[in-house]
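Notes to accompany the following structure.
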Amino acid sequence: MVGYYQNDILTEKQKLIAGCISGIVTRFITQPLDVIKIRTQLEQKTDSKYKKMWFGISRKIIKKEGITAFYYGHNLGQIHSILAVSSQFFVYELGTKYASNIQTETLRPTFTFLCGVLAGGCSATLVSPIEVIRLRQIILQKQYHGIYNGAKTVYKHGGILAFYEGLSASLIQMGPAVGISFGVFQLLQKRLLNYLQECDDNCKISSTNPHKPGHLLISSTVAGSCAGFVSKTITYPFELVKRRLQIASHKDDDQKIKKHYIKCKGLVNCIVDTYQADGFLGLFRGWKVTIYKAQLTSVIAFTTYELACYTIRELQNFM
């Protein structure tokens, strides 16, 4: 199960490996939805095809840029995902290990949530430079192609601070989002596993894995889907703002940016400008496709992590 528990035989290093595996699988499957989500969040309101429905974006991308456009920035996306997912699980596991020493039961859920907030904040800070480069690769492939060239171009336009554009919104969004996600996941998964019951004497698995892999798969899928929906919905406006801040330093000499995409400068100004232009619902623009992606991401990340941990425990019995 995600989070520290006393009888777990896995080391922190082994859990870090499980987190890396989870990050690789998650990014490969969710990359196309991420591209659609980002285009929706940044696109100007005037484009009718983008305005009608999110799958219109897919058609436009395929028609104008080809199917490979769904994997623009994928190499950086893999690095981003490995760092983001593994760091979230790693910091959360370490945090809950120390939180387990808290004797007061009423305070433990609060500290567990704060462990998630800390994990989200560490992850957001760690991957911020990669996010900025990758976002610009997705919308401006020619100018930001390649990791080295992308980093060089970002630096050229805005200096070292350009790599941390949108970090304030990212911290406000990612900290609570990860805290909520882990909290909802742990709560639901624990109850589902209790309902499905632990392995009895007839289970053909080792004692180091207290639950059947099928039970882990079912509980992680359901709990992960709910966790993704709740956490992303609550914190979504800050993700929208973050994306618009991350292209702030790009110069308007590129007419594609000037004509089609929305840029912001400053967290509060971005929220106010978005609200004035599109109303309250404007803060949730692109929410639908983001929720699909968030649920899929959460399900894959949690389920892959759980099954990777399960496999590592099983392998240890043969070594």
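Bear in mind these aren't lab numbers, they're just calculated from the coordinates by the rules spelled out. Everything numeric here is computed off the predicted structure, so don't read it as measured data. FYI the Cβ positions are ideal-geometry reconstructions off the backbone, even for glycines, and counts take in every protein chain you see.
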### Query
Given N residues in region 12-316, what is Rg(Cα) / (2.2 N^0.38 Å)?
1.05
### Task
Would you mind listing how long region 100-161 runs along its three principal axes, going by Cα atoms, in whole Å with the largest first?
56, 20, 14
### Task
Only Cα pairs under 8 Å and at least 6 apart count here; give the relative contact order of the chain as a rounded whole percent.
26 percent
### Sparsely packed GluC sites (Glu not before Pro) within region 120-198, loop by DSSP, other Cβ within 10 Å at most 14
GLU198
### Query
For region 65-114, what's the radius of gyration and Dmax over Cα atoms, in angstrom?
18.1, 58
### Query
For the residues ASP34, ASP8, what sequence is obtained by ranking on other C-beta atoms within 10 Å, fewest first?
ASP8, ASP34
### Query
For a paramagnetic label modelled at 7 Å from the Cα of LEU315 toward its Cβ, which residues of region 1-44 fall within the zone defined by backbone nitrogen distances under 18 Å?
1, 9-26
### Query
How large are Rg and Dmax for region 84-224 when only the alpha carbon atoms are used, in Å?
20.1, 64
### Options ALA177, THR11, THR110, ranked by Cα towards positive dipole end of the chain, top entry (Cβ charges)
ALA177
### Message
Where in the chain is the longest stretch that carries no trypsin sites (Lys or Arg not before Pro) classed as loop by DSSP and with at most 14 other Cβ atoms within 10 Å?
### Response
46-141
### Message
Please rank THR235, THR221, THR311, THR26, fewest neighbouring Cβ atoms within 10 Å first, as an exposure proxy.
### Response
THR311, THR221, THR235, THR26
### Query
Okay, helix-only estimate at 222 nm for the chain: each DSSP H run of n ≥ 4 adds -39500 (n - 2.57), divide by all residues, round to 500 deg cm²/dmol; what do you get?
-25000 deg cm²/dmol
### Summary
Between ILE247 and residues 5 or more places away or on another chain, the pairs with built amide H atoms under 5 Å apart involve CYS264
